[in-house]
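Chemist: Encoded as structure tokens, here's the structure I'll be asking about.
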Amino acid sequence: MLRFGVVVFPGSNCDHDCFYAIKQFVSKDVEFIWHKSREIHEFDCIVIPGGFSYGDYLRTGAIARFSPVIGQIREFAESGKLVIGICNGFQILLECGLLPGAMLRNTSLRFICKYIYLKTVNSDTPFTSSMEQGRVIRIPIAHGEGNYYIDPDGLAELKRNNQIVFQYCDANGNISDNTNPNGSVENIAGICNKAGNVLGMMPHPERCCDPRLGSSDGLAVFQSILKSLTVSQ
Amino acid sequence: MKEQEVTLDLVLEHGLTEEEYKLICSILGRQPNFTELGVFSVMWSEHCSYKNSRFWLKKFPTTGPRIMVKAGDENAGIIDIGSGLAISFKIESHNHPSAVEPFQGAATGIGGIIRDIFTMGARPIALMDSLRFGKLSTPNVRRLLDGVVRGISHYGNCIGIPTVGGEIYFDPTYEGNPLVNVFCLGIMRHEDMALGRASGVGNSVYYVGAATGRDGIHGATFASEELNEKSEERRPSVQVGDPFMEKLLLEACLELLQTDAVVGIQDMGAAGLTCSTCETASRGGAGIEIELAKVPQREKGMIPYEILLSESQERMLVIVKKGREEEVEAIFNKWDLHAANIGHVTDDGMMRVLFNGQKVVEIPAKQLAEDAPIYQREFKEPAYYKKCKSEDLSAIAQPSSYGDILKKLLGDPTIADKRWVYEQYDHMVITNTVVAPGVSDAAVLRLKECEKLLAMKTDCNGRYCYLDPYIGGMIAVAEAARNVVCCGAKPLAITDCLNFGNPMKEEIFWQFKNCVEGIAEACRQFETPVTGGNVSFYNENPRGAVDPTPVIGIVGLIDSQDHVTTASFKKPGDVVILLGPIESGIGGSEYLAIAHGKKTGALPEFDIELEKRVQSVCLKLIRDGKIKSAHDISEGGLAVALAESCILGGVDSTALGASVDLPATSQRLDGVLFGERQSRILISVDPSDVMYVDDFAKNNNVPVYKLGTVENERLQISCSGKILIDERIADIAKVFRSELESCMS
């Protein structure tokens, strides 16, 4: 069975949600990884969940990057294994340099929690492989700093390498300023690294796996991971 | 700060009376020293001792087959929900701090109520907020709303507990006196229940969590006086919240409670270390001795008075079994938290405090915690009561356009969509939110531990309570219950937050007494015991007191996902039905206030027996699968309820409309459309179920009216064929959705 590890930093608060969604719908083999842990190589996929690691008082993810587990995650990622950072997890991946760019505060300067639409603009990653190119999913966001920024050169490189995975859109997949909830450059909601095995995304797929909660669109992300891991094994 | 000589002036400055001081001297058999005076002053403040309210609070029903821990015995009550599970919930005020420092005032309110719940052994899974402000046209009110919402957002989002519901009213009565009442609910297995008791001589007393500073000294005393122009100077009495610290404390305490090393646990809220030590000792029938020099401190040179009275946040007191100390320290060490062994349990019933080995406090714990004097305050019916009640409203003109009034009401911030607020709160974390804010009459949460669901809501219309405190109190409970019934839940129990003016004023106390009696009677009728809560007096500034506002937090149990019902219409062709009476007066209504600028009149007739029948018929029909939508008729009356049922289901542009024809009436049409008579629920049903629903309601002696059908695009309301309102849903939805945001930007 495929093993999922959910990292717990002090202040992580979507750790239980990720754990529950994976256990319920994806794989029975899921464990928490305490941030001081130094042994993570036995996992197949590492999930860095949302929350407010260390309170995020300084800058989101700025302190979490110094946790002992980060070095392990770096090695894990370099070996080609799958790492997904959701919300605060995405912010942490940016801070520790596993993904390019940075997060600014939402342009409204307010926390935003609501359902939005997300377009899958790259279905050729291990995190989107079970979704067709251009598929629109309905998924919640919940963040105060989700305004993704990257300089023009960096943006060009992201595009050249096909690293943009998700963009904010409307129900019909149209991408415009009106469908940008937080001011992100080019409505970017999720990116991967060059190798394609590390994904960061602001929206919360773990919150929309159970249809009882209003949408089960997020399941596609976890099913994609499962599919690509099964193929590679 | 320096120690001072205890004089009568100093006693009065501490908010104690001369008689209370005499009582203290007789308890001690001597005069108190400066530190002891401080200790008595906070424990015997209104905020901690309920000395002016306790006599009347005894009127509340507090027992029932599901009650595992009843009101007043512990930090919060505990209610059995079956399947080996229990819930603990409570509402509390943080009004005064929020008036002078809205962000931290609201944030620390959230922190405090969360600690009250996890100290019982429950994992907090939901927050709600009941807020009251003046009119948004005042810049200061906008500042307060913005600060309070940011404070709640900051604390709740960071700690990761969803804010799933609540309500906000805007009324001039709250100008300068905002109300910030916060509710938290937690869930536990029966065996995980923890109590705030110190017992077992020699057991260790641990201080865990954040270090103590000088913040919040005399917060409890501040909460026990009226606001005035000098209240700004009280800003240092407001504590500063650290939700990250509380998240660590929450996880560490719940981990700790999974061991059996703990005898008792209590949070340090109002009156901090003082309250937690004497209350745990008193409940456990023991004494307690602590050494203040061992208390983690973040400021230098604090004297015992300051350490004992500090209300620094995110701290707990834990009584640990002798010999298990290392285990406890290891858990707090893992979470990088202080855990200091500051003393032990004794058998002499004394709260004894040492500072560097010198005895600085020695007070009988039980008498300090429980023997504050109980006063029976004088009360007197205010002159306005009979005047308002007998006010002749027949001269009030009918509006020239009912459609314009409908739009005005839908855009009134009290009625309008609160999206601007709840989108700043994480209302989905913990992934239990089945019915989110802005969708229905109450929030609904699934439980991962069983098949059942919980519905919850806070409610209170202060204007009704002003016009008729007894009926208003009953209505607060009835409407809260009706809200969860509309979601498919059976009401279980309530918690209350009683916000009033200065209890020393006889007319204020009359409002208080009558509200309490009304709530108590309604709780008996609905079999929803009071599980705890809070009294907040002195919500008063030089311009006057707030309207009596006894906020009710209610929780109901839904047996199955299939019973979850929302307020929005579902499908064109469904039949729109009113359960309950159709005619209503306009006394006390939002319509009368908004369209005519009047806060007066007799409340529309309220019959609690009818209310019970309406609720029980609605719940039975929901459980039998006969109801597709259910919406409580409240502020704005039948017309606003119809409009909301059309608008609420709309994702993007898919909202439905309705076409209804009201039966001919001899009553005022504005009353039929906008009056706020209670005991009414607007439902929609499949055409094939209409006969069944009609018969069932009539057989149970509930008035029932087939009003019309669900349609597309427009809301048309006529009365015996004459069109009264005909509006495009897109237009009224725009007003409903955007008014609050445009007020705030």
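Chemist: Would you kindly identify the helices (runs of 4 or more DSSP H) lying entirely within segment B:188-307 that contain at least 3 residues that are modelled with pLDDT under 95?
Modeler: Values: elements: B:219-222, B:243-257, B:272-284.
Those helices (runs of 4 or more DSSP H) span B:219-222, B:272-284.
Chemist: I would also like to ask the following. Restricting to segment A:89-126, and then to whatever is open to solvent by 50 Å² or more (accessible area, probe 1.4 Å) and within 23 Å of B:S153 (Cβ to Cβ), can you tell me which residue is farthest from the other protein chains (Cβ to nearest Cβ)?
Modeler: Ranking the candidates gives A:L104 first.
Chemist: Which condition number does B:V576 fail, the rest of (1) at pLDDT 95 or above; (2) in the same structural domain as B:N701 (by TED's automatic domain parsing); (3) touching a helix residue (DSSP H, G or I) at 6+ places or on another chain (Cβ under 7 Å) being met?
Modeler: Unmet condition: (3).
Chemist: Just checking, which of B:S679, B:S645, B:S718 is in a strand (DSSP E or B) and either outside the structural domain of B:K612 (by TED's automatic domain parsing) or open to solvent by less than 20 Å² (accessible area, probe 1.4 Å) (or both)?
Modeler: Working: B:S679 fails: in a strand (DSSP E or B); B:S645 fails: in a strand (DSSP E or B).
Going through B:S679, B:S645, B:S718 in turn, the sole match is B:S718.
Chemist: Residues that are in a strand (DSSP E or B), of a type in the set (D, E, K, R), under 21 Å from B:V262 (Cβ atoms) and open to solvent by less than 60 Å² (accessible area, probe 1.4 Å): does segment B:312-327 have at least one? Steps first, answer last, please.
Modeler: At the first step, the residues of segment B:312-327 found to be in a strand (DSSP E or B) are B:315-320.
Restricting the remaining residues to those that are of a type in the set (D, E, K, R) gives B:315.
Cutting the leftovers down to under 21 Å from B:V262 (Cβ atoms) gives us B:315.
Pick out the ones that are also open to solvent by less than 60 Å² (accessible area, probe 1.4 Å) and you get B:315.
Yes, segment B:312-327 contains at least one residue that is in a strand (DSSP E or B), of a type in the set (D, E, K, R), under 21 Å from B:V262 (Cβ atoms) and open to solvent by less than 60 Å² (accessible area, probe 1.4 Å).
Chemist: Further question: Inspect segment B:556-573 for any residue being under 17 Å from the mean Cα position of the chain (by Cα) and over 28 Å from B:V164 (Cβ atoms) and give the result as yes or no. Step through it out loud before you land on a result.
Modeler: Step one: filter segment B:556-573 for residues under 17 Å from the mean Cα position of the chain (by Cα), giving B:556.
Restricting the remaining residues to those that are over 28 Å from B:V164 (Cβ atoms) gives none.
Scanning segment B:556-573 turns up no residue that is under 17 Å from the mean Cα position of the chain (by Cα) and over 28 Å from B:V164 (Cβ atoms).
Chemist: I would also like to ask the following. Looking only at segment B:151-172, count how many residues are more than 9 Å from chain A (Cβ to nearest Cβ), within 13 Å of B:F103 (Cα to Cα) and of a type in the set (S, T, Y).
Modeler: Of the residues in segment B:151-172, 1 are more than 9 Å from chain A (Cβ to nearest Cβ), within 13 Å of B:F103 (Cα to Cα) and of a type in the set (S, T, Y).
Chemist: Can you tell me which residue among B:S659, B:S684, B:S666 is open to solvent by 10 Å² or more (accessible area, probe 1.4 Å) and assigned to a strand (DSSP E or B)? Step through it out loud before you land on a result.
Modeler: Values: B:S684 fails: open to solvent by 10 Å² or more (accessible area, probe 1.4 Å); B:S666 fails: assigned to a strand (DSSP E or B).
So the residue among B:S659, B:S684, B:S666 that is open to solvent by 10 Å² or more (accessible area, probe 1.4 Å) and assigned to a strand (DSSP E or B) is B:S659.
Chemist: Could you tell me whether A:L2 is at pLDDT below 95, aliphatic (A, V, I, L, M) and out of contact with any strand residue (DSSP E or B) (no Cβ under 8 Å at 6 or more places or on another chain)?
Modeler: On the way: at pLDDT below 95: yes; aliphatic (A, V, I, L, M): yes; out of contact with any strand residue (DSSP E or B) (no Cβ under 8 Å at 6 or more places or on another chain): no.
No, not satisfied.
Chemist: Take the residues in segment A:1-46 that are within 14 Å of chain B (Cβ to nearest Cβ) and of a type in the set (S, T, N, Q); name whichever of them is nearest to A:G71 (Cα to Cα).
Modeler: Residue satisfying both the conditions and the ranking: A:S37.
Chemist: Then there's this: Inspect segment A:151-165 for any residue being open to solvent by 40 Å² or more (accessible area, probe 1.4 Å) and either within 14 Å of chain B (Cβ to nearest Cβ) or in contact with a helix residue (DSSP H, G or I) (Cβ under 7 Å, 6 or more places away or on another chain) (or both) and give the result as yes or no. I'd like the intermediate steps shown before the answer.
Modeler: Taking segment A:151-165 as the starting set, the residues that turn out to be open to solvent by 40 Å² or more (accessible area, probe 1.4 Å) are A:151-153, A:156-157, A:159-162.
When the remaining residues are screened for being either within 14 Å of chain B (Cβ to nearest Cβ) or in contact with a helix residue (DSSP H, G or I) (Cβ under 7 Å, 6 or more places away or on another chain) (or both), the result is none.
Scanning segment A:151-165 turns up no residue that is open to solvent by 40 Å² or more (accessible area, probe 1.4 Å) and either within 14 Å of chain B (Cβ to nearest Cβ) or in contact with a helix residue (DSSP H, G or I) (Cβ under 7 Å, 6 or more places away or on another chain) (or both).
Chemist: May I pose another question? Any chance segment B:437-451 includes a residue that's at pLDDT below 95 and among the aliphatic types (A, V, I, L, M)?
Modeler: yes
Chemist: With the condition being more than 19 Å from B:L648 (Cα to Cα) and polar (S, T, N, Q), I'd like the helices (runs of 4 or more DSSP H) fully within segment B:358-447 carrying at least 1 qualifying residues. First the steps, then the outcome.
Modeler: Numbers: elements: B:365-370, B:383-389, B:402-411, B:419-422.
Of the helices (runs of 4 or more DSSP H) lying wholly inside segment B:358-447, those with at least 1 residues that are more than 19 Å from B:L648 (Cα to Cα) and polar (S, T, N, Q) span B:365-370.
Chemist: Hey, any hits in segment B:498-518 for a residue that's in contact with a Pro (Cβ under 9 Å, 6 or more places away or on another chain), more than 24 Å from B:G77 (Cα to Cα), open to solvent by less than 10 Å² (accessible area, probe 1.4 Å) and of a type in the set (A, V, I, L, M, F, W, C)?
Modeler: yes
Residue by residue, here is whether (1) in the same structural domain as B:E246 (by TED's automatic domain parsing); (2) touching a His at 6+ places or on another chain (Cβ under 9 Å); (3) small (G, A, S); (4) open to solvent by less than 10 Å² (accessible area, probe 1.4 Å) holds:
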{"position": "B:F103", "(1), (2), (3), (4)": "no, yes, no, no"}
{"position": "B:G109", "(1), (2), (3), (4)": "no, yes, yes, yes"}
{"position": "B:R123", "(1), (2), (3), (4)": "no, no, no, no"}
{"position": "B:M128", "(1), (2), (3), (4)": "no, no, no, yes"}
{"position": "B:V141", "(1), (2), (3), (4)": "no, no, no, yes"}
{"position": "B:Y155", "(1), (2), (3), (4)": "no, no, no, yes"}
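Chemist: Let me ask something additional. List every residue pair whose Cβ atoms lie under 7 Å apart, where the two residues are 6 or more positions apart in sequence or sit on different chains, the first residue falls within segment B:668-681 and is on the phi > 0 side of the Ramachandran plot, and the second residue, located anywhere, is in a helix (DSSP H, G or I).
Modeler: Between residues of segment B:668-681 that are on the phi > 0 side of the Ramachandran plot and residues that are in a helix (DSSP H, G or I), the close pairs are B:S679/B:L610; B:S679/B:E611; B:S679/B:V614.
Chemist: I would also like to ask the following. How many residues are surrounded by fewer than 19 Cβ atoms within 10 Å (Cβ to Cβ) and free of Cβ contacts under 8 Å to residues at least 60 places away in the same chain if we restrict to segment A:186-212?
Modeler: 4
Chemist: Considering each residue of segment B:361-388, count those that are open to solvent by 30 Å² or more (accessible area, probe 1.4 Å) and over 28 Å from the mean Cα position of the chain (by Cα), and give that number.
Modeler: Going through segment B:361-388 one residue at a time, the tally reaches 6.
Chemist: Test A:D56 against the criterion of being within 14 Å of chain B (Cβ to nearest Cβ) and open to solvent by less than 60 Å² (accessible area, probe 1.4 Å), and give yes or no.
Modeler: Values: within 14 Å of chain B (Cβ to nearest Cβ): yes; open to solvent by less than 60 Å² (accessible area, probe 1.4 Å): yes.
When the stated conditions are applied, A:D56 passes them.
The values are calculated or read from the model by the stated rules, or taken from the named source; none is laboratory data. Since we're looking at a predicted model, the values are computed, not measured. Don't worry about glycine lacking a Cβ; one is built from the backbone with ideal geometry, like all the others, and counts go over all protein chains shown. Calculation scope for accessible area: heavy atoms of the full protein, side chains included, ligands and nucleic acids excluded. Shrake-Rupley method; radii C 1.70, N 1.55, O 1.52, S 1.80 Å.
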